[in-house]
């Protein structure tokens, strides 16, 4: 459905997108995961023909995307990172305005607007001006303006930034619902939990390069990490913990704020040995818990830094 | 799509209270206040004492027949706002000033200049300053006409200075001393028209993804962004036309100020329409070439203010000074074109001069739009 071939985008000497290849299939929720400044939005804007790029090709439904590819644009919905509506218009008027840029028939437009309002749960706020809305409701209005014309391809650029948990859940449920209706969703985020929760496939992007791609399970299987065991230590002199590194099945370990984190090899069970080690070395602890590998673990292993660095 | 965008942009315009205040209510309030002040000044029931001044009879005075004629004519007129006395020396005049017998005194200088000496500032001192400026520029003009056209110059001199003022203007309107109060009112229309530039900046920016996220959303619709810009253009145009229309009608029929609306309605409307087009075109030009939303509004405001200032809105004599020393400014200043167009209609009934100003305004708007179009065609959203 969307094919990006050998895309290069430079800003002067800075290479924002570096020979990136990407294929997004029809009716999938594809997550673009990467830290701030990794090139996610630049990639999206190139795909949408909002940005010129230096090299490469972008095809949507087999046709080359361009600023005047109106037949393609008609199929696309965009929810930008920053809320995009007119402050002087009410919620309903804003949705109707953007719908009118796609649909000319007034009856059909009215139906679509009502559906978008219902979809985003804004029924009680249709006559409100945006400045009267909370941050979460503004985000929902932003989404309503992007989906009102029933696009078959939807770009969501960090739609949950700075929203309350209730609105976040509403947005994520909405994305799942759209996916069930057959919409192809391209979802950029730096929240790994969201990517894991709603994306069929995830592409990890950093410094303009697509570092890894696949389902969350596939991505986790690519790395040399199993569970991470975290031990909250009693803040005293905990002696020399470096020997943990030499325990069988340990990939790496670190201590931060009196919390010992030990990453293990996949499929290796070391909890017994670790607790025995702590007893043997008279190291006191309060809590021990184990975490499955996350996309953050994947990102950490691939790039050497965390998603939110 | 055109009417859809037009409708919503006009709705947004109406709901923007700040814009409505500055582009519609503020000019109405300002003109009402000005009109009240002006009517107070000319009200027959209010008796205002004339400004008293002494004139030193030095060699320059003896050589200036126009000055002698003007003083004679004004002293002979019982309703004249000036009362002159002749003194032999500056010391004598100064003594009278210190004693409070006069409001100021003039020492005639070379080249028809008058040095004005006052002890304080006030209404009478301002009136004397008005006389000083009016006399000097009129006298110089007479000499200029005498050199180039002695017959007309002679007839002007013979007809007497105060009465000949209107005739001067008919001979060469571009060089005359304009009626300052008229210019102030006309410059207000120019201000309303140029306010359209601010709204045009907003509309021009609304399709620019680097300024407004809503611009990004609009660029992603299956509409050419120039089509959306065109709809926005007309939205600002109709609203500005409404503002100018309300101003003209209110001024003409409520305040009784004659803007030529009843005598030359087509020309008055033509100047208004062309002026608004200039304002909008200027706004789009600024939004196309100046980066940053705040910068764009600042530049549009600054340009508009400079233009109406040069057209004589804040300081009445500025227009005359500009026309004398930097005459080309009037050909790049829409505010001056609007002011001059209305002035020509009201004071001279000069429709050809009004048409010339309409032509200049249309040309100015066209140039702005061409440069805007060039810029928009070449620019694409490009930021990290």
* To do: Taking chain A as the reference, fit the longest principal axis to its C-alpha atoms, fit the long axis of helix A:165-180 to the helix C-alpha atoms, and give the angle between the two in degrees, 0 to 90, nearest 10.
  => 70 degrees
* Counting other C-beta atoms within 10 Å, which of B:289, B:22 has the fewest, and how do the rest follow? -> B:289, B:22
* **Rounded to 10°, Cα long-axis angle of helix A:135-147 versus longest principal axis of chain A** => 60 degrees
* Can you tell me the relative contact order of chain A? Whole percent, Cα pairs under 8 Å, sequence separation 6 or more. => 20 percent
* Rounded to whole Å and sorted largest first, list the principal axis extents of the Cα atoms in the range A:29-73. => 32, 26, 16
* Structure fact -> Footprinting proxy, A:71, A:206: sorted fewest to most Cβ within 10 Å, the residues are A:71, A:206
* List the equivalent ellipsoid semi-axes of chain A in whole Å, largest first, each obtained as the square root of 5λ for an eigenvalue λ of the Cα gyration tensor. => 44, 24, 16
* Structure fact -> Per the 1/(1 + (r/R0)^6) rule, R0 = 56 Å and r from the Cβ atoms of residue A:82 and residue A:275, FRET efficiency to 0.05 is 0.70
* To do: Compute from the Cα atoms of the protein assembly as shown the Rg and the Dmax, the latter being the longest Cα-Cα distance, and quote both in angstrom.
  => 37.6, 124
* Asked: Using the Kirkwood formula over every pair of different C-alpha atoms, what hydrodynamic radius in Å results for the range A:224-292?
  -> 12.0 Å
* Asked: If you take the beta carbon distance between residue A:108 and residue A:261 as r and set R0 to 45 Å, what does 1/(1 + (r/R0)^6) give as a FRET efficiency, to the nearest 0.05?
  -> 0.20
* To do: Express in nm, to one decimal, how much length is gained between residue A:232 and residue A:285 on full extension, taking 0.36 nm for each residue of separation and deducting their alpha carbon distance.
  => 18.5 nm
* Could you pull out which residues in the range A:19-35 have an amide N less than 13 Å from a spot 7 Å beyond the Cα of residue A:13, following the Cα-Cβ vector? => none
* To do: Could you state the angle between the C-alpha long axis of helix A:106-120 and the longest principal axis of the C-alpha atoms of chain A, as a value from 0 to 90 degrees rounded to the nearest 10?
  => 20 degrees
* Quick one: order A:25, A:168, B:296 by neighbouring beta-carbon count within 10 Å, fewest to most. => A:25, A:168, B:296
* To do: Please work out how much length the chain gains when fully extended from residue B:325 to residue B:99, using 0.36 nm per residue of separation minus the C-alpha to C-alpha distance, in nm with one decimal.
  => 77.5 nm
* Structure fact -> One finds, for residue B:254 and residue B:355 with R0 = 30 angstrom and r their Cβ-Cβ distance, a FRET efficiency to the nearest 0.05 of 0.60
* Once you have the Cα-Cα distance between residue A:218 and residue A:243, take 0.36 nm times their residue separation minus that, and quote the gain in nm to one decimal. => 5.8 nm
* To one decimal place, what Kirkwood hydrodynamic radius in Å is obtained for the range B:45-130 from all pairs of distinct Cα atoms? -> 13.1 Å
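Every number here is computed from the coordinates shown, using simple stated rules; none is lab data. Since the model is a prediction, treat every value here as computed from it, not as a measurement. Quick reminder, even Gly has a Cβ in these numbers, built from the backbone with ideal geometry, and neighbours come from all protein chains shown.
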